[in-house]
Amino acid sequence: MCGIVGYIGHREAYPIILNGLKRLEYRGYDSAGIALFDGEDIKLSKTKGKVNDLETKIESEISTNGTLGIGHTRWATHGIPNDVNSHPHYSNSGNLVIIHNGIIENYESLKKELIKRGYSFTSDTDTEILINLIEDVKLKENVKLGKAVQIALNQVVGAYAVAVFDKDKPNEIVVAKLGSPLAIGIGDNEFFIASDATPFLEYTKNAIYLEDEEMAIIRRHKDVEIRKIKDDSLVNPYVQELQMNLEQIEKGGYDHFMLKEIFEQPSAIKDTYRGRLLSKEAIIKMAGVEDNMKRFLNAERIIFVACGTSWHAGLVAEYIFEDLVRIPVEVEYASEFRYRNPVIKENDVVIAISQSGETADTLAAIKLAKSKGAFVFGVCNVVGSSIARESDAGAYTHAGPEIGVASTKAFTTQITLLTLIALRLARAKGTISSSNYRLHLLELEMIPEKVKAALKSDNLIKKIADIYKDVPNFLYLGRGYNFPVALEGALKLKEISYIHAEGYPAAEMKHGPIALIDENMPIVVIATKKGHYDKIVSNIQEIKSRKGRIIAIVTEGDTTVKELADHVIEVPETLELLTPLLTTIPLQLLSYHIAVMLEKNVDQPRNLAKSVTVE
Ligand code: M6R
């Protein structure tokens, strides 16, 4: 979590850093701060709150001149969100200044040592300990800043993306990475640093993504020198050309990124299968799968590891893979898996699912799986992300940047990609007939249009949201493929409207949750025609006879549920296996409208951050 930005070059650094922080605010928004070098001294301003609060404060507090600077937007780990704990942090001498995304785990022992050596601390952060450790090394060993950072980081246990500069050497910034992302933008005689490439997209399309345990000394008007932190060896920089454009990271006329991303789903899903699904030839082509077909076909088991919404996509994939590929599947919370001493065999295939590709628990889970010899396949959205790089092979969802903290298009594109993989493997294994295979490809190709049709219920959903926005609890029920969708619907409502919601397999209701049902309880039931329809109709009747208020997601033209439910929202008909791609849409919109009506911060819900790079 936390976003970091930096600039060194010939332009004014302040506007670049400020706008960069606004773009990175999805990574954390407890506090923000900027440090600039104005030609003589470091000018630093920071505050609890959002980047907008910093903007209001900063210009009355410091001069914002200077062509070198660093900035930070924080998701608090060590120390509550307040002004003092905000980044950047000075060293005791005031000469060095740092921003940090990550956690220093051995901060207590380092702090004790530094106190013995006469250092004092004003904040509760691990970051202030790190900058003083760097200062101590620099003075003690009489080395340059880059060397001091390297020696200090070799004493650190934890995760970091850091940027440091020294007011006595205002022509360089030193950055380093382990476990948290760090991109360096290479401009014309200027350099940018950021947690992702969005802060510098309008200035350059050339970027270097540092690998774990690498550091870089970025010299004004000169070069970027990359070294391994452990052994000081030089690394040849690999400069990538960015495929993103500015339009993709702006709201494009929508009130919120979340709404934009919900409405982007038809094109995002198409982008996921573009070039991979060739329905005329009845082929699915995915290099990551083809190149490793043997590993997939020899697998005795597939284990999905993920967190949050991505874990829900894994649950949908469990149904799809077992159904199509006839292979045993397990779906694991990465955070549990990594600490559970799980039984992993060499011919297991582990599929890690992550939008950001930076989720710390998922990353640790795949490292564990690899260490036991399993083959790891990454399904990520962010190109070049840590999980994508750590995996043995993988495929990107190509959903485009997802900025709203609540995942929407990430979920549907993950399911699309996983469906493609399952279909390809089923074909290779012979567990699907050729006619059924063709039918699936054709139906999958029609999903974007059907998502568009599902989005047309937006106004109806808004009216339903208005009726229920003030209730304290919601239940979400679904069966089979749509049980994970019920979980996802409940998560969406919780995270952006702060209304308590629970998702359940519909048949489990009578084993406990039914006790909650009375005339005040809204129950969202996914009751599409395919799959357990009669059973779910019975569940709806059970709710009705206890006076629960039913919001049903049904297949177009349904009449049975219409008679029982208080509200029905229709989605087009499709294959049962593909229904989650449609039934998810109304649930996303329902949570969105309720949150807007409750005046919550939809894109930046409290206590959350887009990529959870701490465990
Ligand atoms: O980037 P990832 O997909 O690995 O993120 C996993 C979860 O943190 C994420 O899905 C989270 O649950 C979202 N806020 C859900 O909307």
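The values are calculated or read from the model by the stated rules, or taken from the named source; none is laboratory data. From a predicted model like this one, the values you see are computed outputs, not experimental measurements. Using ideal geometry, Cβ is built from the backbone for each residue, glycine included, and neighbour counts are taken over all protein chains shown.
Listing for the model above:
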quantity	calculated
Considering residues of the range 400-420 that are closer than 22 Å to residue 242 by Cβ and hydrophobic (A, V, I, L, M, F, W, C) only, the residue surrounded by the fewest Cβ atoms within 10 Å (Cβ to Cβ)	403
Hey, residue 332 in a strand (DSSP E or B), acidic (Asp, Glu) and buried (at least 17 other Cβ atoms within 10 Å of the Cβ) or not	yes
Of all residues making up the range 98-122, the number that are surrounded by 13 or more Cβ atoms within 10 Å (Cβ to Cβ) and touching a helix residue (DSSP H, G or I) at 6+ places or on another chain (Cβ under 7 Å)	10
Out of 407, 310, sole residue that is within 27 Å of residue 441 (Cβ to Cβ), within 13 Å of the ligand (Cβ to nearest atom), outside any helix (DSSP H, G or I) and within 21 Å of the chain's Cα centre (by Cα)	407
Exclusive hit being assigned to a loop (DSSP other than H, G, I, E, B), at pLDDT 95 or above and more than 13 Å from the ligand (Cβ to nearest atom), set 431, 419	431
Residue ranges of strands (runs of 3 or more DSSP E) in the range 514-615 with at least 3 members at positive phi	none
Which listed residue, of 462, 494, 510, is closer than 16 Å to residue 539 by Cβ and in a helix (DSSP H, G or I)	510
Pair list, Cβ under 7 Å, 6 or more apart: the range 379-390 residue in contact (Cβ under 8 Å) with a residue 24 or more places away in the chain, other residue in a helix (DSSP H, G or I) and near the ligand (Cβ under 10 Å from one of its atoms)	379/414; 380/387; 381/410; 386/363; 387/362; 387/363; 390/363
Search result, residues across the range 191-225 that are in contact with an Asp or Glu (Cβ under 6 Å, 6 or more places away or on another chain) and over 17 Å from residue 165 (Cβ atoms)	205
Single residue of 343, 382, 376 found to be part of a loop (DSSP other than H, G, I, E, B), β-branched (Val, Ile, Thr) and either within 15 Å of the ligand (Cβ to nearest atom) or in the same structural domain as residue 183 (by TED's automatic domain parsing) (or both)	382
Failed condition for residue 367, given (1) more than 10 Å from the ligand (Cβ to nearest atom); (2) surrounded by 22 or more Cβ atoms within 10 Å (Cβ to Cβ); (3) within 20 Å of residue 102 (Cα to Cα); (4) not small (Gly, Ala, Ser)	(2)
Selected residue (only one of 78, 89 is buried (at least 24 other Cβ atoms within 10 Å of the Cβ), touching a helix residue (DSSP H, G or I) at 6+ places or on another chain (Cβ under 6 Å) and farther than 20 Å from residue 200 by Cβ)	89
Pairs, first touching a residue at least 24 places away in the same chain (Cβ under 8 Å) in the range 157-186, second among the basic types (Lys, Arg) and surrounded by fewer than 24 Cβ atoms within 10 Å (Cβ to Cβ), C-beta under 7 Å, six or more apart	171/219; 171/220; 172/219; 172/220
Qualifying position, being outside the structural domain of residue 22 (by TED's automatic domain parsing), more than 16 Å from the ligand (Cβ to nearest atom) and over 31 Å from the mean Cα position of the chain (by Cα), among 579, 528, 560, 574	560
Odd one out for residue 84, checked against (1) β-branched (Val, Ile, Thr); (2) assigned to a helix (DSSP H, G or I); (3) surrounded by fewer than 23 Cβ atoms within 10 Å (Cβ to Cβ)	(2)
Residue list for the range 51-75, restricted to those being buried (at least 20 other Cβ atoms within 10 Å of the Cβ) and either aromatic (Phe, Trp, Tyr) or part of a helix (DSSP H, G or I) (or both)	51, 54, 58, 75
Which listed residue, of 361, 348, is surrounded by fewer than 24 Cβ atoms within 10 Å (Cβ to Cβ), in the same structural domain as residue 291 (by TED's automatic domain parsing) and more than 10 Å from the ligand (Cβ to nearest atom)	348
Those residues of the range 313-327 which are among the β-branched types (Val, Ile, Thr) and either within 16 Å of the ligand (Cβ to nearest atom) or at pLDDT below 95 (or both), in sequence order	316
